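Colleague: Quick one: structure below, then a few questions.
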Amino acid sequence: IVPSDHKRFRLNVVFNDEYTRQLMYNFHDSASPGFDYGFEAKMPSTAETNAFWMLGNEKYAIQADAYQIDMAIPVAITTENQQEVRFSIFDVQNFGETQPIYIHDKLTDIYVDLTQQEYDLNIDAGNFQSRFEIVFETNSTLAAAERLKEEIDIFVNRNAKQFVISNPNLNDIMTFKV
């Protein structure tokens, strides 16, 4: 259990249903782009088939950053042979109940919400440091948000002491933050 101002998730990467590498990502406002003692840990294994986060030229099993909804977190994979790889979420703490955590396969442009299902694929032998990434929004959700920003206008009615939201296309809006 982590304090409420921390977020984290654990990612399982399973190779051929035989070997599982569990990675953890921590989020806290005090985390820096560099190494953060107490938040991060280097990769303990040098196995030829493995998964890890990269920080500089070092491999990590646990990494940390300040959380941003539009961040992309590369997941590096190395495989000794062609094999099946499965991505799944093991644990999520202090994210909103509906916050998706996507694995984005940049080669196929597939997004899979790992909070809802696993992502299985066969992969060739090799070093894949830029093919996969964890994201919290897809290109389509980002595009929809940008379109919505263009269709809605916000202004202040000083006499009534209110914010006014003009929604001429009657878009469905569940929540709104200023």
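Colleague: Report those strands (runs of 3 or more DSSP E) wholly inside region 69-178 carrying at least 2 residues which are at pLDDT below 70.
Modeller: Answer list for region 69-178: 153-157, 162-166.
Colleague: Suppose we filter Val2, Val13 for residues that are in contact (Cβ under 8 Å) with a residue 12 or more places away in the chain and open to solvent by less than 10 Å² (accessible area, probe 1.4 Å); which single one remains?
Modeller: None of the others qualify; the one that does is Val13.
Colleague: So which residues in region 56-68 are surrounded by 17 or more Cβ atoms within 10 Å (Cβ to Cβ) and in a strand (DSSP E or B), if there are any at all?
Modeller: Across region 56-68, the qualifying residues are Lys59, Tyr60, Ala61, Ile62, Gln63, Ala64, Asp65.
Colleague: Something else: In this structure, does Met71 turn out to be aliphatic (A, V, I, L, M), surrounded by fewer than 16 Cβ atoms within 10 Å (Cβ to Cβ) and under 16 Å from the mean Cα position of the chain (by Cα)?
Modeller: Considered against the rule, which asks whether it is aliphatic (A, V, I, L, M), surrounded by fewer than 16 Cβ atoms within 10 Å (Cβ to Cβ) and under 16 Å from the mean Cα position of the chain (by Cα), Met71 comes out as yes.
Colleague: While we're here: Considering every residue within region 31-43, establish whether at least one is at negative phi and assigned to a strand (DSSP E or B).
Modeller: Yes, there is a match, as at least one residue in region 31-43 is at negative phi and assigned to a strand (DSSP E or B).
Colleague: Would you please name the residue that is nearest to Asn81 (Cα to Cα), looking only at residues in region 16-43 that are without any contact (Cβ under 8 Å) to a residue 24 or more places away in the chain and touching a Phe, Trp or Tyr at 6+ places or on another chain (Cβ under 6 Å)?
Modeller: Going through the qualifying residues, I end up with Met43.
The values are calculated or read from the model by the stated rules, or taken from the named source; none is laboratory data. Quick caveat, the model's predicted, so the values are computed rather than measured. Every residue, glycine among them, receives a Cβ derived from its backbone with ideal geometry; neighbour counts consider all protein chains shown. Accessible surface is based on the protein model in full, side chains and every heavy atom, while ligands, DNA and RNA are left aside. Shrake-Rupley method; radii C 1.70, N 1.55, O 1.52, S 1.80 Å.
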